[in-house]
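Bear in mind that the values in this text are calculations on the coordinates, not laboratory data. Predicted model, so just to flag it, every value in this text is computed and none were measured. Note that we place each Cβ from the backbone using ideal geometry, even for glycine, and neighbour counts take in every protein chain shown.
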Amino acid sequence: MNLMEQLQLIGQAATVISVIIAIWTIRENGNMNRRMMNMEVFTRYTERYEKIIKESEKVDSSFRLDPNNQKFAKEAKFEIFVISYLNLVSEEYYLKEKGYLDIEVWNIWESEIVRMLNTPLFVNQWQKRNSEFHAFPGFTNWVTAVQKKNLNLPKIDKKPAQ
């Protein structure tokens, strides 16, 4: 092999190595951008959640202490809170379904969302308001299924054992 062939071989190897490095860099930048986007989504939606909760506490601070209290299910002043919360959750659910929200972020939120959706306030209001979410049947079906699943669970007697 003469010098010219050796130089060509070295040039080809350098090209292949450069392409591999470029692909790896692009992939890593994509992963980093995805992580940053998820962090931004997480932060913004957490801020919105906190704002909605704080607004509900202005109406009645005992709501956060006992959201299962039946009195909240019948009070009209909580309707705006419920609508705001359901809008937030529908957006989060949409982002998850479309793959814009990392499943790990959704998993952090989901148990609290399910807990809240199964309070008497939300069960009562969902029966009145679910038609407002007809544009996103996937969300409507999910909320209905979450609430139906909870209704089929055995009820725990909260009376202390004697």
- Burial ordering of 139, 42, fewest other beta-carbon atoms within 10 Å first: 42, 139
- Of 54/148; 98/149; 54/128; 54/98; 51/148, which pairs sit farther than 26 Å apart, going by alpha carbon to alpha carbon? 54/148; 54/98; 51/148
- Item | Exposure proxy order (Cβ contacts within 10 Å, fewest to most) of 85, 49 | 49, 85
- Fully extended contour minus Cα-Cα distance, from residue 18 to residue 112, at 0.36 nm per residue: 29.1 nm
- By per-residue mean of other Cβ atoms within 10 Å, what is the highest-first order of 25-37, 106-118? 106-118, 25-37
